[in-house]
Amino acid sequence: MDGGQLHRLGRRLIELSRQATGEPGDLALTPGEAAVLEDVLTHPDSSVSEIAQRTGFVQSHVSASVARLAQRGVLATGPDPADGRRTRVRAADQTLNAIGRRAARHIDDTLANAVSDPATARRATALLNELAQLLLP
């Protein structure tokens, strides 16, 4: 496998993940909002400047994304207890609940639809489980 194949595989896995975990009427996020949300999920109670440093986005972009996501109920913000001028950002409880609910879904039907042969779908599931064991912390 080369880097190009790995990239295409990653994109395909993301596509399949969205099919398996998506719900009708899902909130549409821009790529920047998705990156901010992913960072906040990994680093709860971060400041806007910390999110900007990790994502590589300028602080004004992160601030605008956080404001939009907070307005839509995806993120929750509050003052930093140590420095009231600084805002801390975390995922809203409803966001964490939705993520947990979706993450628990099995991918069997999605893989069965992606490949025509049931035996191939079972093999793909086994291979993905093995990859997860090898590559995920």
Quiz item: Out of (1) among the acidic types (Asp, Glu); (2) surrounded by 11 or more Cβ atoms within 10 Å (Cβ to Cβ); (3) part of a loop (DSSP other than H, G, I, E, B), the odd one out for residue 50 is which?
Solution: (3)
Self-check item: Unmet criterion (only one of (1) over 17 Å from the mean Cα position of the chain (by Cα); (2) under 25 Å from residue 11 (Cβ atoms); (3) free of Cβ contacts under 8 Å to residues at least 12 places away in the same chain) for residue 61
Solution: (3)
Practice problem: Only residues that are of a type outside the set (Val, Ile, Thr), out of contact with any Lys or Arg (no Cβ under 8 Å at 6 or more places or on another chain) and part of a helix (DSSP H, G or I): list them for region 14-28, please. | Solution: 15, 16, 17, 18, 19
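Quick check on my filter: what residues within region 17-48 are charged (D, E, K, R) and modelled with pLDDT of 90 or more?
33, 38, 39, 45
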Practice problem: Collect the residues in region 18-47 that are surrounded by 15 or more Cβ atoms within 10 Å (Cβ to Cβ), within 15 Å of the chain's Cα centre (by Cα) and of a type in the set (Gly, Ala, Ser), keeping them in residue-number order. | Solution: 20, 32, 35
Quiz prompt | Those residues of region 23-39 which are in contact (Cβ under 8 Å) with a residue 40 or more places away in the chain and within 19 Å of residue 110 (Cα to Cα), in sequence order | solution = 23
Quiz prompt | Every pair of residues 6+ apart whose Cβ atoms lie under 6 Å, when the first sits in region 84-107 and is within 18 Å of residue 35 (Cα to Cα) while the second is at pLDDT below 90 and not hydrophobic (A, V, I, L, M, F, W, C) | solution = 88/80
Practice problem: Could you check how many residues of region 79-122 are under 24 Å from residue 43 (Cα atoms), hydrophobic (A, V, I, L, M, F, W, C) and surrounded by 15 or more Cβ atoms within 10 Å (Cβ to Cβ)? | Solution: 4
Quiz item: Inside region 123-137, can you point out the residues that are exposed (fewer than 11 other Cβ atoms within 10 Å of the Cβ) and of a type outside the set (S, T, N, Q)?
Solution: 126, 127, 130, 132, 134, 135, 136, 137
Quiz item: So how many residues does region 72-129 have that are under 21 Å from the mean Cα position of the chain (by Cα) and part of a strand (DSSP E or B)?
Solution: 7
Exercise. Return only the number of the condition from (1) basic (Lys, Arg); (2) free of Cβ contacts under 8 Å to residues at least 40 places away in the same chain; (3) surrounded by 13 or more Cβ atoms within 10 Å (Cβ to Cβ) that residue 8 does not satisfy.
Key: (3)
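The values are calculated or read from the model by the stated rules, or taken from the named source; none is laboratory data. Here the structure is a predicted model, which is why all the values come from computation and not from measurement. Virtual Cβ from ideal backbone geometry, glycine too; neighbours counted across all protein chains shown.
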